[in-house]
């Protein structure tokens, strides 16, 4: 096993050196990596400042909580009621249906509540500072039927910070540090168990750096939203012309560098042929899901996982185009990041294609580096 790991490591190192020292493209690749390293160093300096502030605020919060826990302060009943109501909003889906009365630290709760939220509500209120006891007069209901106060609303689910979609800066830093430690420890083991630990550490490190949920990071069960790209661009042309260009799919090869062919299949469907990684051909069908003339167009694709929406806003003689594009590349956001590090930056390609589109709409001249050819 050790020999296999060593051989694999040597192979990866050799491939990396060949990639960077290639006589034709090596210089450009090294320059791109250097630029990215400088960019990362600036992001790291800014991130350290944010982490320092977040950590400072957390420490101040812990000290304040400890101080208040030891104090025997008396607070006004109306203040305590507002504290309880603030906490209730994070515990139940219908806080306005519950009546709260406070007297000398004793809190009385009455009104309808869903049975699944009953215990969580009581536990939440008991934890409110200055609450000494809770008088439970709530009416627990198994479902919303027949109770006007329980209609609508969105259920609240309290989750630990590590289970939340977005992590705080201090949590992300802890994850990165722990991930680096796991990678170093796993690499020192030089066996299968070490490889698993290193892999888990690398995944945790990526989670902390990107602040993306694991399903989006790895592209597993994330639908089309592993990576989001957004862009706003102004085009010196009437909104009717810009909208017409977007709805005439055969125009896309004239300004996009990777779209080779688009065929209109009718009924809002079209077939796309695109140059993928390593010059491989990727094909998919696109379906228009929403279309408001001169205002908006939205689409999704099959089977390739991506979707998008474009808003058109007329501003005098110009048109403001707002594009939001979501896609799920192989290996999710992690695959997107690897491609970015290797110079195949999807966001950069996306931005460059939109600049070509602007030029094409404004001048009518097809950019020389577009993928398609004009067919009269």
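Just a few scattered comments:
- Highlighted here are the helices (runs of 4 or more DSSP H) found entirely within the stretch 1-97 that include at least 1 residues which are more than 29 Å from residue 170 (Cβ to Cβ) and modelled with pLDDT of 80 or more: 26-70, 77-88.
- On inspection, residue 292 fails the criterion of being over 30 Å from residue 15 (Cβ atoms), modelled with pLDDT of 85 or more and touching a strand residue (DSSP E or B) at 6+ places or on another chain (Cβ under 7 Å).
- Lone unmet requirement of (1) modelled with pLDDT of 85 or more; (2) buried (at least 17 other Cβ atoms within 10 Å of the Cβ); (3) on the phi > 0 side of the Ramachandran plot for residue 104: (2)
- Given (1) surrounded by 15 or more Cβ atoms within 10 Å (Cβ to Cβ); (2) modelled with pLDDT of 70 or more; (3) out of contact with any strand residue (DSSP E or B) (no Cβ under 6 Å at 6 or more places or on another chain); (4) more than 30 Å from residue 22 (Cα to Cα), index of the condition residue 315 fails: (1)
- When residues of the stretch 136-187 are limited to those that are surrounded by 15 or more Cβ atoms within 10 Å (Cβ to Cβ) and in a loop (DSSP other than H, G, I, E, B), the one modelled with the lowest pLDDT: 156
Residue-by-condition table, conditions (1) closer than 29 Å to residue 313 by Cα; (2) assigned to a helix (DSSP H, G or I); (3) modelled with pLDDT of 70 or more; (4) assigned by TED's automatic domain parsing to the domain that holds residue 183:
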residue: 206; (1), (2), (3), (4): no, yes, yes, yes
residue: 217; (1), (2), (3), (4): no, yes, no, no
residue: 232; (1), (2), (3), (4): yes, no, yes, no
residue: 242; (1), (2), (3), (4): yes, yes, yes, no
residue: 245; (1), (2), (3), (4): yes, yes, yes, no
residue: 252; (1), (2), (3), (4): yes, yes, yes, no
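The values are calculated or read from the model by the stated rules, or taken from the named source; none is laboratory data. Please read these numbers as outputs of a predicted model, since none were measured by experiment. FYI the Cβ positions are ideal-geometry reconstructions off the backbone, even for glycines, and counts take in every protein chain you see.
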